[in-house]
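K.L.:
Can you read through this structure? Questions will come right after.
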Amino acid sequence: MVETSRSSKMWLPLESNPQVFTDFAQKLGYPSLLYSFHDVYALDKDTWLSAIPQPVIGVVLLYQIKKHHKDIIRQDLEAQQKLQTLTGDLQPPFFIKQTISNACGTIALLHLLCNTLSQCGGIDPESFLASFLTVPQTPLDRAKYLETDEKFEATHEAMAKEGSTDAASAMGTSSHFVAYVMGEGGRLWELDGRQSEPVLKGQLEEGEHLGVRVSSIVQRYIDMEEGKEIRFNVMALAPNQGDW
């Protein structure tokens with residue numbers, strides 16, 4: 001995984017696997033009997049509307065980072081700063097800075113769980129999530145909290161060993177997880193722990209589907225490759241219909 005790390009810690013990478021993410025969410029206190037993760041096998045609107053339970057309240061993207069992706073993020077942040085100056089507080093979502101190498105999957109998971117509490121029906125008050133949401137204050141504080149929580153690290157390691165791939169063999173790859181959520185005012189946010197803050201990706205129109213809009217972002221990345229191979233995986237956080 002590719003991340004800028006301020007910590008000497010290096011974790012096993014998490015597999016992009018809906019069962020792994022759902023099991024992890026449940027262990028952290030999220031109501032996975034109500035909401036779970038689902039593979040998204042195509043980017044078209046029909047797939048989002050017919051193959052994925054509704055509503056979709058979050059999206060996880062795993063992709064290979066290229067220089068032009070970083071250029072897009074830089075341009076988005078510059079536009080975001082200008083908008084912030086013009087309009088004031090953009091009310092960004094809950095955000096965590098990533099300081100642990102190979103933890104991008106877990107950071108993406110936490111970004112989704114912590115930003116969908118009003119939609120999921122509530123969390124276990126005695127859970128990790130309940131504690132995590134009240135103790136740390138800044139993105140870097142939250143990162144430090146994760147660095148020092150041995151029980152959370154053990155849970156991550158157990159989840160990283162689930163799935164169908166060898167977690168150890170995946171270390172050092174160029175793949176990276178990011179999350180997408182809809183925030184206040186219908187704003188679409190990309191949550192990437194490598195960055196210093198959430199990245200505003202636009203505004204969802206009334207009735208516009210979160211997943212379809214994220215697909216347009218992924219498609220833009222694909223088009224920039226001009227026919228070259230690009231590997232990516234998309235999962236949706238949506239109602240559990242007995243899948244897990």
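K.L.:
So what J values fall out for region 37-51 if you push phi through Karplus, 6.51 cos²θ - 1.76 cosθ + 1.60 with θ = phi - 60°, rounded to Hz, Gly and Pro as x?
P.N.:
Karplus-based 3J(HN,Hα) across region 37-51 equals 9, 9, 5, 10, 8, 8, 9, 6, 4, 4, 4, 4, 8, 9, 9 Hz.
K.L.:
Using amide H atoms built 1.01 Å from N in the peptide plane, name the residues 5+ places from Leu12, or on other chains, whose amide H lies under 5 Å from its own.
P.N.:
Amide H to amide H, under 5 Å and 5 or more residues apart or across chains, Leu12 pairs with nothing.
K.L.:
A follow-up question, please. From the backbone phi of region 186-199, what are the Karplus-calculated ³J(HN,Hα) couplings (6.51 cos²θ - 1.76 cosθ + 1.60, θ = phi - 60°) in whole Hz, Gly and Pro given as x?
P.N.:
Calculated HN-Hα couplings, in order: x, 6, 9, 10, 9, 10, 10, x, 5, 7, 8, 7, x, 10 Hz.
K.L.:
So, one more: All other residues with a Cβ under 10 Å from the Cβ of Pro198 taken together, and with Lys, Arg as +1 and Asp, Glu as -1, what is their net charge? All intermediate terms of the calculation are to be shown ahead of the outcome.
P.N.:
Values: positive: Arg187, Lys201; negative: Glu190, Asp192, Glu197.
Net charge around Pro198: -1.
K.L.:
Show me 9-20, 205-216 ranked by packing, highest mean number of other Cβ atoms within 10 Å first.
P.N.:
The most tightly packed comes first, giving 9-20, 205-216.
K.L.:
Relative contact order of region 18-239: what whole-number percent is it, with Cα pairs under 8 angstrom and at least 6 residues apart? Each step should come with its number before you reach the end.
P.N.:
On the way: 321 pairs, mean separation 89.8, N = 222.
Result for region 18-239 is 40 percent.
K.L.:
For a quick check: with amide H placed at 1.01 Å from N, whose amide H comes under 5 Å from Tyr35's, ignoring anything fewer than 5 positions away on the same chain?
P.N.:
Placed amide hydrogens put Asn240 under 5 Å from Tyr35.
K.L.:
Amide H neighbours of Ser196 under 5 Å, counting only residues 5+ apart in sequence or on other chains, H built in-plane at 1.01 Å?
P.N.:
Excluding prolines and chain starts, which carry no amide H, there are no hits.
K.L.:
What are the ³J(HN,Hα) values, in whole Hz, obtained from phi via the Karplus relation 6.51 cos²θ - 1.76 cosθ + 1.60 with θ = phi - 60°, for each residue of region 16-22 in sequence order, with x given for Gly and Pro?
P.N.:
Calculated HN-Hα couplings, in order: 7, 9, x, 5, 4, 5, 5 Hz.
K.L.:
Which of the peptides 174-182, 25-33, 113-121 is most tightly packed, and how do the rest follow, judged by the mean count of other Cβ atoms within 10 Å per residue?
P.N.:
Values: 174-182: 23.2, 25-33: 19.9, 113-121: 17.4.
Top to bottom by mean Cβ count within 10 Å: 174-182, 25-33, 113-121.
K.L.:
Is there a pair in Lys97/Lys161; Lys151/Lys201; Lys27/Lys97; Lys27/Lys161; Lys9/Lys228 whose C-alpha atoms are over 26 Å apart, and which pairs would that be?
P.N.:
Values: Lys97/Lys161 24 Å; Lys151/Lys201 34 Å; Lys27/Lys97 22 Å; Lys27/Lys161 15 Å; Lys9/Lys228 34 Å.
Check vs 26 Å cut-off fails for Lys151/Lys201; Lys9/Lys228.
Bear in mind that the values in this text are calculations on the coordinates, not laboratory data. Here the structure is a predicted model, which is why all the values come from computation and not from measurement. Glycine also receives a Cβ, built like all others from the backbone with ideal geometry; neighbour counts cover every protein chain displayed.
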